[in-house]
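FYI, it's all coordinate maths here, none of it is from the lab. Just so it is clear, the model here is predicted, and its values are computed rather than measured. Positions of Cβ are generated from backbone atoms using ideal geometry, with glycine treated the same way; all protein chains shown enter the neighbour counts.
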Amino acid sequence: MQRLIGVTLALLMFGSVVACGDVPTPSEDVMLTVSGTIALRNAGKEFRFDRQLLEQLPANEYEVDDPWLRGTQAYRGVELKFEHALEYPIFIVYELDGESINSDDGGPVKLVFPYHVEGVRDLYSRQMWAWYVVETRVEY
C-alpha cells in the first residue's frame, strides 16, 4: 500500500513541480516525506512536503464514514490513482472539517477509504486506514 501511495504522490508532485519550473522546498514543518525511486527530490534522496506544498497538489473534498471517528467526516486531500482507486476515491488527507487534522484524529496526514460506498468495507478493513502517515517509500 505504501508503494502505491508513494508512486501516486510522486506522479502528482511531478506534474505540479514541472508546471512551476522549480523544485519547491518546504518552508514550514515537514508533514510527509516521499522517498525511494522518485524522479524529483527537494531534500537529498527525498521529496518533503509541508502543508503549503501539499496544498499545491490537486485536492478534493468529500464526506466519508470514518470507522475510527464514528460517523460521517468531511475530509480534504489528494486522491490516489491506482487499482481500486480508479473505481473508489482513496485519499491522503490533511484536513478534517476544514481544519488541519490533529494528532487525536490521526493527523496531520492520514489514509482514508470511502466507507460510504457499497463494497468498500469488504475491500479495505478498518485496520487498513493509516493514521499518522509521515513517510512513504516508492519501490519498483
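Assorted remarks:
- Each Lys or Arg adds one and each Asp or Glu takes one away; over the other residues whose Cβ falls under 13 Å from the Cβ of Asp105, this sums to -3.
- Couplings for the stretch 25-41, taken from phi via the Karplus curve 6.51 cos²θ - 1.76 cosθ + 1.60 with θ = phi - 60°, read 10, x, 10, 10, 4, 6, 9, 8, 10, 10, 9, x, 7, 10, 6, 10, 9 Hz in order; Gly and Pro are left as x.
- Oblate is the label for the stretch 40-111, because the ratio a/c of its alpha-carbon gyration tensor axes (a ≥ b ≥ c) is 1.5 or higher and a/b is not greater than b/c.
- For the stretch 43-118, the set of trypsin sites (Lys or Arg not before Pro) satisfying both a DSSP loop assignment and a count of at most 16 other C-beta atoms within 10 Å is given as Lys45, Arg70, Lys81.
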